[in-house]
Structure formats: structure tokens, C-alpha cells
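The values are calculated or read from the model by the stated rules, or taken from the named source; none is laboratory data. Quick caveat: nothing in here was measured; it's all calculated off a predicted structure. Cβ placement follows ideal geometry from the backbone for every residue including glycine, while neighbour counts extend to all protein chains displayed. To get the accessible areas, we keep the full protein, side chains included, count just its heavy atoms, and leave off ligands, DNA and RNA. Shrake-Rupley method; radii C 1.70, N 1.55, O 1.52, S 1.80 Å.
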Amino acid sequence: MKFEKEIEDIKNEILSELNLSSSKKEIEDIRIKYLGRKGIITQRLKDIKNLDPKVRPRHGKVLNILKSTIEEELERKGQEVPKESREEERFFDYTMPGDRRWLGHLHPLTTTMDEIVDVFVRMGFTVKYGPDVETEFYNFEALNMPKDHPSRDIQDTFYLENNLLLRTQTSPVQIRVMESRKPPVRIISPGRCYRVDNFDSSHSPVFHQIEGLYVDKNVTLSNLIGTLNTFAKAIFGESTRTKLTPHYFPFTEPSAEVHVSCPFCKEKGCTTCKHTGWIEIMGCGMVHPEVFRKVGYDPDKYTGFAFGMGIERVCMPRYGIHDMRLFFENDQRFIHQF
Ligand code: DAH
């Protein structure tokens, strides 16, 4: 009776598989596995002819009963499976749009930085990069900011080991470039800067600047003003005006802050310009003779202008962004708007 037991086991196995199936596809797979051309039951029926003639009728009978039982069960289960899970009957709409693929794209700060760099490159400036990790000499001393000089206080610094620090401004690149060559020099230098600062709507401990430096014989304040006007019109629109107000920077004399007319309200006053009509975007000035001496340039022979602008400061009014934190949070809902 070993054979009958074996068939009984096969039958139970098929019934439990059927029990677990829940779609037409699964039921069909079971049918193929057991009753298909190479199915297990089909194969056993074919093998009967090789058996001892004495057992052939018995085996044949048992297998045929199994076969018809399974056929009935398959049929019954087929009726039972609910309509919606019959995959082959599911409606497929070929006119539906396909899955959308999200493409990456540039961050608004990168786009703004690239556009600013482009404007200056068209005016003949070359791009130079400097290290984020600087020495006190390049970040402060060579820029006429000796130790204990009060101007260091407003640039609260992240100090590292071995007298290194995270640069607080891109101005040290001026020194590195001037040290490495003779005038004329006409460079811009974009990059990251770091200051111990709160992370709030208008401050971030990491931010971006573009430094500019032009040194040659007879470079004047008018050259600086002309260059800045060209920049402001290219970035904020043809009708943009610029205004310089006196300021103090240790590495320039005279020094000024540069304001552009608000691109949103055209000087009428709005939330973007805090109702002043103007937006402050950078510092600038004529290179201080002391800075020239530090790099071995003769201040009687050469003059130059320099400027340093905050890229966030330029980007925010262009797009009407009121919170600097948005730049650094990497929220896709923000980033994908640009
Ligand atoms: N480094 C200054 C800052 O971070 C900005 C600046 C002002 C750069 C005047 C200059 C300059 O090159 O001439 O506040």
C-alpha cells in the first residue's frame, strides 16, 4: 500500500498549494506543475507502461482518480478566485503616462555661482580656487588683520589643530594668487566659508562667497564701480542700480558696501528688501598698500580693487527666498522649484 500512501501525500500537497493560491496565475502554475505536459502526475501516468504488469491496473486506477480529483479542484478553485485578482482580466490602460523619473539638477546656489562666475569671466577674470582649511597668516595676517585686531571679532572663527582654521572669507585666495605671480592680476574665487554663527533665517555657519581682485597699473575706483555695475545689471536685470556706502575693511582703503536696487519692488520697498528699496550684497574697496607690501608688490607702482560677495545674499533676492536655512536642508520640495 506504499504507492497509495505516496499518491495520497501528493494529493494533499496539491490541495494545500491550491488552498494558498489566490489568483488565476497561481492556479495555472499549479496545473502546469502537476498536469502539464511534463507535470508530475502526467509523468507518472506515462511511466505506467514500464511497471510490472501485475501492478499496472492498480496504479493506473489510483493515478487516474488523482488526476480527475485535481482537475475538479482546479476548476472549483478557479471559480472561487475573486474577479479583481484575476490579473489577466485587469484593465490595462496603455494611454496612461509612464512612471516619472526624477532627474537631479543643480542647486540654486550652484546655478547662481555659475552665473556670477560667467559674468566676470566675460569681463576677463580668471577663476582661482583656494583651500577651505587655511592658516592664520592667509586668512587674517596677510589681509592686514593682525592678532587682537578688533576686526577679527566679527568673523568668529572655527579653529582647528596646528594653527589651522576654516577660512572665514574667500579673501585669503587674493594673497595666495598675488604671492604666486606678478601683476596684472584679474581673478575671481568662488568657495565655501565658515563662521561660528547661529543657523537662522539670515545666518548659516557655512556659506558661500565670491572674491574678486584686479591689480595693475592705474586701476581706479571708477574701474571698480564700472565692473560692479556690469555685474549687477547682468545678474539682477538691466534696470538695476548700484550704490556704494562707506565702510571699513582692514584690507581695503577706501572701503565700501555695495547695495543693489531691489529687483522685486524697484526701490519702492517690499519684504525682500525689508522696505528699504536696497539690498546689501558685498564689500569692496581699493587694495590696502599694506596688503601689497605683504605679498611683495610695490604699492607706489600698482593699484587694485577687490570685492567679496555673499552668494546666498545674491541668490535670495533673485528668487524671493526669505530663509537661508532652505539652502542647506535639501528638501526636495524646495530644490525642485529651481
Ligand atoms: N571678506 C569680506 C567679508 O567676508 C568681504 C570683502 C570686503 C572682500 C571687501 C573684499 C573686499 O575683497 O575688498 O566680509
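Is one or more of the residues making up region 297-306 at negative phi, in contact (Cβ under 8 Å) with a residue 60 or more places away in the chain, assigned to a helix (DSSP H, G or I) and more than 12 Å from the ligand (Cβ to nearest atom)?
no
Right, Pro246: open to solvent by 30 Å² or more (accessible area, probe 1.4 Å), within 16 Å of the ligand (Cβ to nearest atom), closer than 30 Å to Pro183 by Cβ and more than 34 Å from the chain's Cα centre (by Cα) or not? Give the steps one after another, and end with the answer.
Values: open to solvent by 30 Å² or more (accessible area, probe 1.4 Å): yes; within 16 Å of the ligand (Cβ to nearest atom): yes; closer than 30 Å to Pro183 by Cβ: yes; more than 34 Å from the chain's Cα centre (by Cα): yes.
Taking the combined requirement at face value, the residue satisfies it.
Does Tyr297 satisfy the criteria of being in the same structural domain as Ser201 (by TED's automatic domain parsing), open to solvent by 20 Å² or more (accessible area, probe 1.4 Å) and of a type in the set (Ser, Thr, Tyr)?
Considered against the rule, which asks whether it is in the same structural domain as Ser201 (by TED's automatic domain parsing), open to solvent by 20 Å² or more (accessible area, probe 1.4 Å) and of a type in the set (Ser, Thr, Tyr), Tyr297 comes out as no.
For Asn330, are the conditions met, namely being at positive phi and surrounded by fewer than 17 Cβ atoms within 10 Å (Cβ to Cβ)?
Criteria met by Asn330.
For Pro183, are the conditions met, namely being touching a helix residue (DSSP H, G or I) at 6+ places or on another chain (Cβ under 6 Å), under 22 Å from Arg122 (Cα atoms) and not polar (S, T, N, Q)?
Here the answer is no, as Pro183 does not meet what is asked.
Mind counting the residues in region 167-192 that are under 19 Å from Phe140 (Cβ atoms), within 14 Å of the ligand (Cβ to nearest atom) and surrounded by fewer than 22 Cβ atoms within 10 Å (Cβ to Cβ)? Spell out how you get there, then give the answer.
Of region 167-192, the ones under 19 Å from Phe140 (Cβ atoms) are 167-179, 189, 191-192.
Within this subset, residues satisfying the condition of being within 14 Å of the ligand (Cβ to nearest atom) are 167-178, 189, 191-192.
Now restrict to residues that are surrounded by fewer than 22 Cβ atoms within 10 Å (Cβ to Cβ): 176-177, 191-192.
Final tally of qualifying residues: 4.
Rundown of residues vs (1) more than 14 Å from the ligand (Cβ to nearest atom); (2) aliphatic (A, V, I, L, M), yes/no style:
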site: Glu238; (1), (2): yes, no
site: Thr252; (1), (2): no, no
site: Gly277; (1), (2): yes, no
site: Met309; (1), (2): no, yes
site: Met316; (1), (2): yes, yes
site: Met324; (1), (2): yes, yes
site: Ile335; (1), (2): yes, yes
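Using the structure shown, decide if Arg195 is within 12 Å of the ligand (Cβ to nearest atom), open to solvent by 40 Å² or more (accessible area, probe 1.4 Å), in contact (Cβ under 8 Å) with a residue 12 or more places away in the chain and in contact with an Asp or Glu (Cβ under 6 Å, 6 or more places away or on another chain).
yes
What number goes with the only condition from (1) in contact (Cβ under 8 Å) with a residue 12 or more places away in the chain; (2) more than 10 Å from the ligand (Cβ to nearest atom); (3) open to solvent by 40 Å² or more (accessible area, probe 1.4 Å) that Pro263 does not pass?
The failed condition is (3).
Would you point out the residue of region 280-292, among those that are in a strand (DSSP E or B) and near the ligand (Cβ under 10 Å from one of its atoms), that is surrounded by the fewest Cβ atoms within 10 Å (Cβ to Cβ)? It would help to see each step written out before you state the result.
Residues of region 280-292 in a strand (DSSP E or B): 280-287.
Those still in the list that are near the ligand (Cβ under 10 Å from one of its atoms) too: 282-287.
On the way: Met282: 22, Gly283: 22, Cys284: 24, Gly285: 24, Met286: 19, Val287: 25.
So the residue we want is Met286.
Can you tell me which residues in region 143-175 are closer than 16 Å to Phe307 by Cα and part of a helix (DSSP H, G or I)?
Once the filter is applied, which keeps residues that are closer than 16 Å to Phe307 by Cα and part of a helix (DSSP H, G or I), region 143-175 yields Leu143, Pro172, Val173, Gln174, Ile175.
Looking only at region 198-216, count every residue that is without any contact (Cβ under 8 Å) to a residue 60 or more places away in the chain and either within 20 Å of Pro317 (Cβ to Cβ) or within 10 Å of the ligand (Cβ to nearest atom) (or both) and tell me the total. Write out each step before concluding.
Our first condition is that a residue be without any contact (Cβ under 8 Å) to a residue 60 or more places away in the chain; within region 198-216, this holds for 198, 205.
Next, only the ones that are either within 20 Å of Pro317 (Cβ to Cβ) or within 10 Å of the ligand (Cβ to nearest atom) (or both) stay: none.
Residues in region 198-216 being without any contact (Cβ under 8 Å) to a residue 60 or more places away in the chain and either within 20 Å of Pro317 (Cβ to Cβ) or within 10 Å of the ligand (Cβ to nearest atom) (or both): 0 in total.
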